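The values are calculated or read from the model by the stated rules, or taken from the named source; none is laboratory data. This is a predicted model, so every value here is computed, not measured. Every residue, glycine among them, receives a Cβ derived from its backbone with ideal geometry; neighbour counts consider all protein chains shown.
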Amino acid sequence: MKPKLAGVRRKMEFSPNHVGNDLRILSLTAAALQSRGVEVDLFNEGEEIPDGEKYGLIFSMAQGPDGNRLLQQYKARGVSVINSPESVLNCYRAVMVTRLPEHGIPFPRSVVIDTVSNDGPLAFPLQATKSWVKRGDVHAVHKEDVTLVYSEGEQRATLEEFRERGISSAILQEHLDGDTVKFYAVRGGDFFSWYYLNGVVHTPFSEKKLTDLAFASAEILGLDVFGGDAIIASDGSVSIIDINDWPSFAPVREKASQCIADLLIRKINGHATDNR
């Protein structure tokens, strides 16, 4: 009997400016699986999967809390889910900004703010000319969800806007100067790709260090398919500033989809270790 997998598309609201790219990487992964003799059914985030237990594995791009709570139910019944719903929730910034530094990952200093009760500091506790205000849950729904601010007044105004939009937690984060690099990776498949997002100086740095930090971050959060961003400082040091669960892989999606399919097949064949 052919193995049968279920795929879960990301809800459009969690793919701002990347709806087509996110759909494309999932579709290419499904096609790569089918070319290897695996049957695949695709569902939408938050949609019930009839007889979910009949699937050998669910591969999911779901990012919202409701969709991942539903996937947790299937996981509780013994169905493997990649990325696991727990790992996706670990990528919510209110969790990630604490967990990664706790495990020794170089990461910008950050403060979690309750925008509803206004408990905690409303200004970043550093003397910095600029900082970032980011929503604390899903990575972005609107472009304002990640905002660079230059004063305490701008911090307060952005936090107030978050509160009015019903965003209950936010992150105040120090700004790190340097070149920004974006990376994509698949654990267990030796796939890692990076490029300069806004590189200007192109300071020499250790690509091995970047790779090691990226995979270490994924292991801490429990991700199998992931991407992220890092800052290369003027001294060549590397800091992780973001980790994303199953990005679009847009520049490298043809190769990435094959590597993701390979990973999923190893998982259902029992040849890959589940690190969560």
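Only one of these is of a type in the set (Val, Ile, Thr), in contact with a Cys (Cβ under 8 Å, 6 or more places away or on another chain) and buried (at least 19 other Cβ atoms within 10 Å of the Cβ): Val186, Val181. Name it.
Val186
Assuming Ala31 fulfils every condition listed in (1) among the aliphatic types (A, V, I, L, M); (2) touching a strand residue (DSSP E or B) at 6+ places or on another chain (Cβ under 6 Å); (3) within 28 Å of Pro251 (Cα to Cα) apart from one, which condition is it?
(2)
Yes or no, residue by residue, for (1) among the β-branched types (Val, Ile, Thr); (2) surrounded by fewer than 21 Cβ atoms within 10 Å (Cβ to Cβ); (3) not in a helix (DSSP H, G or I):
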residue: Gln155; (1), (2), (3): no, no, no
residue: Phe162; (1), (2), (3): no, no, no
residue: Phe192; (1), (2), (3): no, yes, yes
residue: Tyr195; (1), (2), (3): no, yes, yes
residue: His202; (1), (2), (3): no, yes, yes
residue: Phe205; (1), (2), (3): no, yes, yes
residue: Leu213; (1), (2), (3): no, no, no
residue: Ala218; (1), (2), (3): no, no, no
residue: Gly228; (1), (2), (3): no, no, yes
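Can you tell me which residues in segment 39-55 are in contact with a strand residue (DSSP E or B) (Cβ under 6 Å, 6 or more places away or on another chain) and not charged (D, E, K, R)?
Val40, Leu42, Phe43, Asn44, Ile49, Tyr55
Yes/no matrix, rows are residues, columns are (1) more than 14 Å from the chain's Cα centre (by Cα); (2) touching a residue at least 24 places away in the same chain (Cβ under 8 Å); (3) farther than 27 Å from Arg266 by Cα:
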position	(1), (2), (3)
Thr180	yes, yes, yes
Ala185	no, yes, no
Phe192	yes, no, no
Lys208	yes, no, no
Phe215	no, yes, no
Leu223	no, yes, no
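In this structure, is Val79 assigned to a loop (DSSP other than H, G, I, E, B), outside the structural domain of Leu213 (by TED's automatic domain parsing) and in contact (Cβ under 8 Å) with a residue 24 or more places away in the chain?
In short, yes.
Considering only segment 37-68, state which residues are of a type outside the set (A, V, I, L, M, F, W, C), assigned to a strand (DSSP E or B) and touching a residue at least 40 places away in the same chain (Cβ under 8 Å).
Once the filter is applied, which keeps residues that are of a type outside the set (A, V, I, L, M, F, W, C), assigned to a strand (DSSP E or B) and touching a residue at least 40 places away in the same chain (Cβ under 8 Å), segment 37-68 yields only Ser60.
Report yes if some residue within segment 256-267 is modelled with pLDDT of 95 or more, within 29 Å of Leu28 (Cβ to Cβ) and among the polar types (S, T, N, Q); otherwise report no.
Looking for residues that are modelled with pLDDT of 95 or more, within 29 Å of Leu28 (Cβ to Cβ) and among the polar types (S, T, N, Q), one finds at least one in segment 256-267, hence yes.
Out of the residues in segment 131-153 that are hydroxyl-bearing (Ser, Thr, Tyr) and closer than 24 Å to Ala214 by Cα, which is surrounded by the most Cβ atoms within 10 Å (Cβ to Cβ)?
Per the criteria, the residue is Ser131.
Those residues that are charged (D, E, K, R) and part of a strand (DSSP E or B), I need them from segment 167-190; list them, please.
Answer for segment 167-190, where residues must be charged (D, E, K, R) and part of a strand (DSSP E or B): Glu174, Asp179, Lys182.
Within segment 68-88, can one find any residue that is in contact with a strand residue (DSSP E or B) (Cβ under 7 Å, 6 or more places away or on another chain), closer than 30 Å to Val111 by Cβ and of a type in the set (S, T, N, Q)?
Yes, there is a match, as at least one residue in segment 68-88 is in contact with a strand residue (DSSP E or B) (Cβ under 7 Å, 6 or more places away or on another chain), closer than 30 Å to Val111 by Cβ and of a type in the set (S, T, N, Q).
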